[in-house]
Every structure is written in C-alpha cells, then in structure tokens.
Amino acid sequence: MAEHPAQFDDVLPEALRFTAPAPLVDIGANLTHESFARDLPAVLGRARAANVTTLILTGTDREHAEQAVAMCREHGGDGLSLHATAGVHPHDASRWDGELAAAMAALQRLPEVVAVGECGLDFNRNFSTPAEQERAFEAQLEIAAACGKPLFIHERDAGRRMREMLRAWRDDIGDAVVHCFTAERDTLHGYLDLDLHIGLTGWLCDERRGHHLRELVGDIPLARLMVETDCPYLLPRNLPAKLKGRRHEPALLPWIVREIAHWRGESEAALAAGTTATARRFFRLPPNHEEN
Ligand SMILES: [Zn+2]
C-alpha cells in the first residue's frame, strides 16, 4: 500500500509495448486504487492491446469491492472481460463485525463477483492483530463454503497458520488461490498438497529478492498456476524502459509471463495459454469470444 507520485506516463514507452502470444488473465488488478482514477479507460485500452483480455479486479474491502463491481458494469465488454472479487484484506480485519459480514456475503450474490477475497493472514505488518485477522479470515472461509465460490487468498509470513486453517476447512471450501506467492519451498509444497492454486506476480523479476522463486516455479503444475500484476504495486524490475511514477498496470503482464516461462523452461505461448485455461476454470468464467 505504497503512496504513488501524482505524475506518471500517459502512454507506455514504445519499448514496453509487448503483446502476449495468447490472451492472458490478470487475476489480481487493484484498478480501484486512486492512481488509476485519472486514466482508467486508457489503462484498459493498453491491457487489450497487450492481449490481456480478462481482468479480475481485486476487492480488498467493502468499498473497493463495490467500486470494482461498478467498474465491471461500466467498462466491461468491447474485447475486455472484467470481473471482481469481494473480501476484507487482513490489514482491515479489525473492522470485521456482523454488519460487514452480511454485506460481504450479499456481494457474493452479484454475478460480477467471481471469488471471495482478498482475505487471509499477514503477520508481516500486523496492521490488524493476528487474532483479528484469524477471526475475519475464518468468517470469510465460512462465506466461501456457503456460496461455493473460489477464494482469493493473501498470505505473508503466516504460511504455517494459513496451512493449519485451510487444512481444517479443506473439505468445506472449493478452489482457493494463494495470490502473489513469494514464500519458500516447504510452504509451496504444503499449499500444493492442499490442492491450492498459486498466483505469481513480477516478484521473481526482482534480482534483489526473487532468486529463490526462480528455482521453485517449475514445481507448480500448469493446472494450478495463474499470473497477476497486483498493480499498481510490484512494478517488475526487469522492464527494458523506465516508467515515470513507477505505477504497474495490466498491460505489463506479458513481461511477467516471459520471465516465469524462462525460469520454467517452457514457451511463453504455452504458459500464456495454460495459465489462462487454469484461470477460466478456477473463476468459472464464461467463454470469451475474442479469444480463439
Ligand atoms: Zn495481497
């Protein structure tokens, strides 16, 4: 949740325009972030031009989930398929109460909402206490179990507790993805053993901290792997040109796919097609007629 400078490029530099070899699904786009308020239609147009044809807009609290739903209604169509998630992020878990629980459950009844989340545990920053986070996450596991939709999970420095909680709920919930996975090998294999999906961001494009992930990404079956920008956060550090303002956006997802494909030793086309097929199945998306 970093602050972004007000100034950024209105167009992508030529060197950053890169079209994916197959249509991509960005499973984590925080387009309700204030940094997109000024130029959202242009951001969506650039995503389409880069062949990022489906965006899952992350709803991190009630207000942002409602904004994401409104954005789907206003901007979806015309070659771009927009969907939303609705959840309460662990940072905001202290706000969880009965009224909020009812509102979040009601949001799941909307056709635009395809997953419960972003929800989970973040023991790195503890903006809400661990006890508050566990209470809000448990309540959202219950919502997912009741509505049957998949879970979009955030976990940071809480892998052990996350595995315990998910193991207890495994038979009651359906599919779940741990988004922006950055942890170590044992955590990854623990998640795969629980038959979870894994979301990868541009974290492994970071030569300072992404090294361990490069050896791990090949362990993730293509049928369990999805890709995401987590924009405006986590601008990849391997881009061939600088971006003023350093705001990440969906049009840059093909660069992340290129990096992951490299470390998995497979073609970008195979990774693009495979992660898109996984995301369509996971979020139960309707067929996109723009794709073939
Ligand atoms: Zn997250």
Given (1) more than 19 Å from L107 (Cα to Cα); (2) of a type in the set (A, V, I, L, M, F, W, C); (3) more than 13 Å from the ligand (Cβ to nearest atom), V177 misses just (3)
Can you find a residue in the range 54-77 that is in contact with a Lys or Arg (Cβ under 9 Å, 6 or more places away or on another chain), small (G, A, S) and surrounded by fewer than 23 Cβ atoms within 10 Å (Cβ to Cβ)? no
I'm checking my understanding of the structure. Among residues of the range 206-237 that are touching a residue at least 60 places away in the same chain (Cβ under 8 Å) and assigned to a loop (DSSP other than H, G, I, E, B), which one is surrounded by the fewest Cβ atoms within 10 Å (Cβ to Cβ)? Y233
Quick one: H64 ticks every box in (1) within 16 Å of the ligand (Cβ to nearest atom); (2) more than 18 Å from the chain's Cα centre (by Cα) except a single one, so which number is it? (2)
Checked against (1) more than 16 Å from the ligand (Cβ to nearest atom); (2) more than 15 Å from T229 (Cα to Cα); (3) buried (at least 23 other Cβ atoms within 10 Å of the Cβ), G87 satisfies every condition except (1)
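Within the range 95-114, identify whether any single residue is within 16 Å of the ligand (Cβ to nearest atom), buried (at least 19 other Cβ atoms within 10 Å of the Cβ) and over 22 Å from Q133 (Cβ atoms), and answer yes or no.
Checking the range 95-114: not a single residue is within 16 Å of the ligand (Cβ to nearest atom), buried (at least 19 other Cβ atoms within 10 Å of the Cβ) and over 22 Å from Q133 (Cβ atoms).
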Per-region count, the range 116-133, residues under 21 Å from the mean Cα position of the chain (by Cα) and assigned to a helix (DSSP H, G or I): 1
Tell me, please, whether a residue that is closer than 24 Å to A272 by Cα and either at pLDDT below 95 or of a type in the set (D, E, K, R) (or both) can be found in the range 150-171. no
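The values are calculated or read from the model by the stated rules, or taken from the named source; none is laboratory data. Nothing here was measured: the structure is a model prediction, and the numbers come from that model. So basically every Cβ, Gly included, is an ideal-geometry build from the backbone, and we count neighbours across all protein chains shown.
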